[in-house]
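Engineer: Below is the structure I would like to discuss, written out as structure tokens.
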Amino acid sequence: MLIKEGLAEVEISDETKISKKLEVFYNPVMKHNRDISVLLLSAVPDKEMQIADIMAGTGIRSIRFAKELPEGKIKYLAVNDYSSSERIKANMARNGLPDMNVFSQDANLFLLNSKGFDYIEVDPFGTPNPFLDSSILRLARNGILAVTATDTSALAGSSRTACTRKYWAKPLKNELMHELGLRILIRKVQLIGAQYEKALLPIYSYSKDHYMRAYFRCEKGRQKADEIMKEHRYFLYDLPDLSCAEVPKPGHEYAGPLWTGQLWDPKLAKAVCDSYRGEDKELMSFLGVIAEEAQIPSVGFYDIVKLAKIRKVKVKKIEPLLSSTCKRTHFLGWGLRSTGPPF
Ligand SMILES: C[S@@+](CC[C@H](N)C(=O)[O-])C[C@H]1O[C@@H](n2cnc3c(N)ncnc32)[C@H](O)[C@@H]1O
């Protein structure tokens with residue numbers, strides 16, 4: 001079956017049920033994930049980038065990078081997947097890119113045998129954990145690491161023991177679970193980075209559909225890595241109070257340790273939103289909400305239905321509550337991001 005996405009056209013399996021067993025994996029739900037990676041790479045000032053798509057599936061993301069990114073952005077693009085190099089090569093040729101560098105290796109071996117990259121795309125089934133060490137080791141100074149995790153049941157608290165085992169932190173299953181899970185994932189990536197004296201600062205992060213996603217900018221140096229780790233704390237949940245602390249406090253529900261710094265570079269979040277020229281209303285609104293909430297440096301947000309119950313007030317609409325210090329959040333339709341309770 002032939003499908004079109006952005007400027008790419010790829011041949012995929014006729015099998016409609018998505019599974020790990022598919023010879024070549026294409027997931028239409030991840031279109032927005034790929035759209036945002038194209039927008040983000042267009043929006044950052046980096047040029048002449050060496051890019052590695054280490055688990056490329058059909059190769060669709062790399063084809064889109066090659067066809068949609070501005071001229072001068074890519075110096076070298078490596079497309080790897082241990083199970084589908086022939087299909088990737090055929091898809092590249094179909095898109096007029098016959099000379100692309102296609103590899104068919106285990107992602108870790110591929111990375112460890114390489115000299116390094118300015119952008120590494122980690123898009124596995126489930127947890128990115130097995131690929132973090134090699135990706136971070138081969139991430140260049142000032143490079144960008146893009147990480148997807150689809151094991152949201154662990155990160156968002158449905159499976160607490162899995163979260164402890166895989167991410168070394170306690171999740172919290174409530175209205176904040178996706179933001180807290182994302183912050184737990186970010187800390188895990190940063191801890192692996194710190195081992196190699198690399199500081200990984202999130203520049204654009206979100207939770208959508210069945211996955212969580214974070215882009216990190218890498219700086220090298222012990223001090224910088226130490227500074228990142230200072231922002232690994234616990235999140236205390238005691239509505240209407242939301243706070244962070246070095247240790248959990250008796251009587252408070254909590255999550256963590258987790259990253260309590262920025263989820264977005266606000267300028268980049270605006271640039272990603274502004275650079276979207278398409279007509280997909282859902283994506284436009286998603287990017288717009290993130291660009292707005294990126295201006296508010298809070299950990300967590302307020303579920304206005306819960307807050308209204310505590311305050312014993314009626315809140316009919318969210319719009320009158322919006323201001324320069326109180327924004328919508330993409331994590332929850334009836335959530336408000338502000339540094340203190342909005343009412
Ligand atoms: C979620 S899919 C990737 C989808 C692709 N990035 C896209 O945007 O369409 C995961 C891919 O990782 C590949 N994969 C899984 N483990 C791998 C490994 N250890 N080394 C290389 N490829 C691997 C699978 O063959 C599969 O195609």
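All of the numbers you see were taken from the coordinates with simple rules; none came from a lab. These figures come from a predicted structure and were not determined experimentally. When we count neighbours, we look across all protein chains shown, and the Cβ atoms used for this are built from the backbone with ideal geometry, even at glycine.
Engineer: Return the residues of segment 322-341 that are more than 20 Å from SER243 (Cβ to Cβ) and hydroxyl-bearing (Ser, Thr, Tyr); say none if nothing qualifies.
Structural biologist: SER323, SER324
Engineer: LEU172 passes all but one of (1) part of a loop (DSSP other than H, G, I, E, B); (2) surrounded by 20 or more Cβ atoms within 10 Å (Cβ to Cβ); (3) free of Cβ contacts under 8 Å to residues at least 40 places away in the same chain; which number fails?
Structural biologist: Failed condition: (3).
Engineer: Would you mind telling me which numbered condition in (1) among the hydroxyl-bearing types (Ser, Thr, Tyr); (2) within 13 Å of the ligand (Cβ to nearest atom); (3) crowded, with 16+ Cβ neighbours inside 10 Å TYR119 fails?
Structural biologist: (2)
Engineer: Write out, first by first residue and then by second, each pair whose Cβ atoms fall under 7 Å of each other, whose residues are 6+ apart or on separate chains, and whose first residue, in segment 266-287, is in contact (Cβ under 8 Å) with a residue 60 or more places away in the chain while the second is small (Gly, Ala, Ser) and surrounded by 13 or more Cβ atoms within 10 Å (Cβ to Cβ).
Structural biologist: Short answer, once both residue conditions are applied: LEU268/ALA43; ALA269/ALA291; ALA269/ALA294; ALA271/ALA43; VAL272/ALA43; SER275/SER42; SER275/ALA43.
Engineer: Can you tell me which residue within segment 96-108, out of those that are surrounded by fewer than 19 Cβ atoms within 10 Å (Cβ to Cβ) and more than 8 Å from the ligand (Cβ to nearest atom), is farthest from PHE65 (Cα to Cα)? Lay out the reasoning, then the answer.
Structural biologist: First pass over segment 96-108, keeping only residues surrounded by fewer than 19 Cβ atoms within 10 Å (Cβ to Cβ): 96, 98-101, 104-106, 108.
Within this subset, residues satisfying the condition of being more than 8 Å from the ligand (Cβ to nearest atom) are 96, 98-101, 104.
Values: GLY96: 13, PRO98: 15, ASP99: 15, MET100: 12, ASN101: 13, SER104: 19 Å.
Filtering first and then ranking leaves SER104.
Engineer: Could you look through segment 23-49, keep only residues that are part of a loop (DSSP other than H, G, I, E, B) and over 21 Å from ASN142 (Cα atoms), and pick out the one that is farthest from the ligand (Cβ to nearest atom)?
Structural biologist: Ranking the qualifying residues of segment 23-49, first place goes to GLU23.
Engineer: Let me ask something else. When you go through ALA90, ALA52 one by one, which is the residue that is within 12 Å of the ligand (Cβ to nearest atom) and either crowded, with 18+ Cβ neighbours inside 10 Å or not in a loop (DSSP other than H, G, I, E, B) (or both)?
Structural biologist: On the way: ALA90 fails: within 12 Å of the ligand (Cβ to nearest atom).
Of the residues listed, the single one that is within 12 Å of the ligand (Cβ to nearest atom) and either crowded, with 18+ Cβ neighbours inside 10 Å or not in a loop (DSSP other than H, G, I, E, B) (or both) is ALA52.
Engineer: Those residues that are over 30 Å from GLU231 (Cα atoms) and not hydrophobic (A, V, I, L, M, F, W, C), I need them from segment 286-325; list them, please.
Structural biologist: LYS309, ARG311, LYS312, LYS314, LYS316, LYS317, GLU319, PRO320
Engineer: Looking at LEU7, LEU69, LEU77, which is the one that is under 22 Å from the mean Cα position of the chain (by Cα) and either small (Gly, Ala, Ser) or within 26 Å of GLU282 (Cβ to Cβ) (or both)?
Structural biologist: Answer to the selection: LEU69.
Engineer: Something else now. Please state which one of ILE304, ILE296, ILE318 is without any contact (Cβ under 8 Å) to a residue 40 or more places away in the chain, among the aliphatic types (A, V, I, L, M) and crowded, with 17+ Cβ neighbours inside 10 Å.
Structural biologist: ILE304
Engineer: Residues of segment 110-157 being without any contact (Cβ under 8 Å) to a residue 24 or more places away in the chain and part of a helix (DSSP H, G or I), which ones? Step through it out loud before you land on a result.
Structural biologist: Within segment 110-157, the first condition is being without any contact (Cβ under 8 Å) to a residue 24 or more places away in the chain, and the residues that meet it are 113, 115, 130, 153.
If the condition is that a residue be without any contact (Cβ under 8 Å) to a residue 24 or more places away in the chain and part of a helix (DSSP H, G or I), then PRO130, SER153 are the ones that fit.
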